[in-house]
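Since the structure comes first, as structure tokens, the remarks are kept for the end.
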Amino acid sequence: MATDQASRVSAPRAVSYRPGSYPRTQVLREPARHLVNRFSYGITPQLAAEVRAAGGHLAWFDRQLASAYDGSADNLCDWWPDLHRDATDLFNRTTSGVRGGWEVMYDYGNRTMMRRMTSPRQVLEVMTEFWENHFHVATSSDNIYVFRTGYGEVVRRHALGRFDELLPAAVLHPAMLMFLGAARSTKAHPNENLGRELLELHTVGVGSYGEDDVKSSARILTGNRVDLYRTWEASYVPGDHWTGPVQVMDFQHPNADSDGRAVTAEYLSYLAHHPATARRIATKLVRAFVSDTIPASLVDRLASVYLANDTAIVPVLKALVRSPEFRSAVDEKVRDGDEDVLATYRVLGVGVRKPRTEASAANQVYWQTAMLGLAPLTWPRPDGQPVDNASWSSPTRALASMTFHWDMVNGWWPGDAVSFPRPRSWLPRNRPIHFRDLVDHLSRRLLHRPSTGALLKACCQAAELRPESRVARSSPLFREAWPRVLATILDSPTFYQR
């Protein structure tokens, strides 16, 4: 029997790269893998077992939408105590030099990544990211740290609820008022920024309104104030509300009362139920979860479901994943930097413990993601970070991902409060195995699909082994070339697909 040393690629005879087969390592069938890939941050053996136990991918998805959150990922909040502090406390600590607000936002970025990495409610985490991107408030914005953590919790609370409830909760939150200049907007000087983005980004979209609509939109929102740089209290100040008739598209109101909260509620409800908003939400869902090439017929159907269900999100998501357009869009989306980092941690089985120092893994995952092109939640513009394939397919991103994968498979970074699986632990059943079958096992674990001839050939070159080489616990492979094999699989085009 040949050993891996004896059969290194030195013989001139032809090599067959027929893929191996290790079916003991089970994978979900393609439709299930497709759905779970789109609505999770990487398929682990535990997640695949959960899907099978639910009776199938659609049943799992419906259960994720309906089941109460068990709170298990909330324990992570205590890893970063400053995330429990209120606005005044955070500002005072910043101005007195105790700890900067930017550091608290790094905490928030790290906690966000850890929640996505560990939460059993993967669909909730994915949809929270979707809505935080839709109602984007950049964590890097000036002094936004005082409100940003609470804002994220509000969005998360409504992520699987109704849009007509999410919209006012997000738009009138102090973080959004501050981010888009409405916290000090008055009847004498209405700031148009939030009123414009409410129309352009959050609801009906460009082409549905004009400049007069923007002016009325801004006037309706006046009265919502935040006592910036003093008490940081949010309040409604009737004396600052612009009164007089307003019209935004077909919405008209006499707006005679100095307390404009009622007209604001009516206005936001009008926007939430507008057909153009329904189409805009449907379009963004399709772009995020189906394809960059938007099927108009699917948008129409999802918009109808949205309106028929009084803006409830869950029926729209159920219709989306059951559509033929979704089923036929397998592997058409590219993982962005966040998804790449999280999937790498999850499929490698990396264990992250409570941070002890700044070098601990839970405090480094934010930086690791930033190295791939964008730190979580820091996109500077209010339109949210791009989710299209072209934005995440540059050579620079690919090289950054490869560097990140290399760090992870070698266990170089992060290096504190983290555990990486020992190389030999990847040997299934702890028994000798042909290298081609080992590659199939690894492909099933890391890519959640059987290996191919191209992947086997690349792994043979990385390991300097032949497909028929026998690999055992004592094999030099685990001492010499193991990181190259894992990196080859993580760097393969398939890993970048979701």
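Over all alpha-carbon pairs of the chain, lay out the pair-distance distribution in 20 Å bins, whole %, shortest bin first. Using 20 Å bins, I get a P(r) of 22, 50, 23, 5, 0 for the chain. Distance between the modelled labels on Val330 and Asn410, one decimal in nanometres: 3.6 nm (7 Å Cα→Cβ projection). When Rg and Dmax are taken over the Cα atoms of region 344-415, they come to 13.6, 38 Å. In loop segments of region 414-445 as defined by DSSP, there are no trypsin sites (Lys or Arg not before Pro) with at most 11 further C-beta atoms inside 10 Å of their C-beta. Going 7 Å from the Cα of Glu266 along its beta-carbon direction, which residues of region 125-169 have the amide nitrogen within less than 20 Å of the resulting point? Under cut-off, by backbone N: 164-165, 167-169. Solvent-accessible area of Arg280, all protein chains in place: 60 Å² (probe radius 1.4 Å, heavy atoms, ligands and nucleic acids excluded). A simple rule links phi to the HN-Hα coupling: the Karplus curve 6.51 cos²θ - 1.76 cosθ + 1.60 with θ = phi - 60°, which for region 136-152 gives 5, 10, 5, 5, 8, 5, 4, 6, 5, 4, 5, 10, 5, 5, x, 4, x Hz, with x for Gly and Pro. Once both labels are positioned 7 Å from their Cα atoms along Cα-to-Cβ, the gap between Val237 and Cys77 label points is 3.1 nm.
Which FRET efficiency value, to the nearest 0.05, do you get for Ser394 and Glu50 by plugging their Cβ-Cβ distance into 1/(1 + (r/R0)^6) with R0 = 35 Å?
That gives a FRET efficiency of 0.50.
Near Ser469, the amide H atoms lying under 5 Å from its own belong to Phe435, Arg436; only residues 5 or more places off or on other chains count, and H is placed 1.01 Å from N. Note on exposure: Thr311, Thr396 ranked by accessible area (1.4 Å probe, complete protein assembly) read Thr396, Thr311, with the most exposed listed first.
For His274, the solvent-accessible surface computed with a 1.4 Å probe is close to 40 Å², ligands and nucleic acids excluded.
Judged by the mean number of other Cβ atoms found within 10 Å, the most tightly packed of the peptides 334-340, 450-456, 257-263 leads the ranking 334-340, 450-456, 257-263.
Each of Arg431 and Gln247 was given a label point 7 Å from its Cα along the Cα-to-Cβ line. The distance between the two points is 8.0 nm. Placing a label point 7 Å from the Cα of Trp102 along the Cα-to-Cβ direction, none of the residues of region 177-198 has a backbone N under 17 Å of that point. The lysine pair count for the chain, using Cα distances under 23 Å and pairs eight or more places apart or on different chains, is 4.
The values are calculated or read from the model by the stated rules, or taken from the named source; none is laboratory data. No experiment lies behind these values; they were computed from the predicted model shown. No Cβ is skipped: glycine too gets one built from the backbone with ideal geometry, and neighbour counts run over all protein chains shown. Just so you know, the surface numbers come from the protein's heavy atoms only, side chains and all, with ligands and any DNA or RNA stripped out. Shrake-Rupley method; radii C 1.70, N 1.55, O 1.52, S 1.80 Å.
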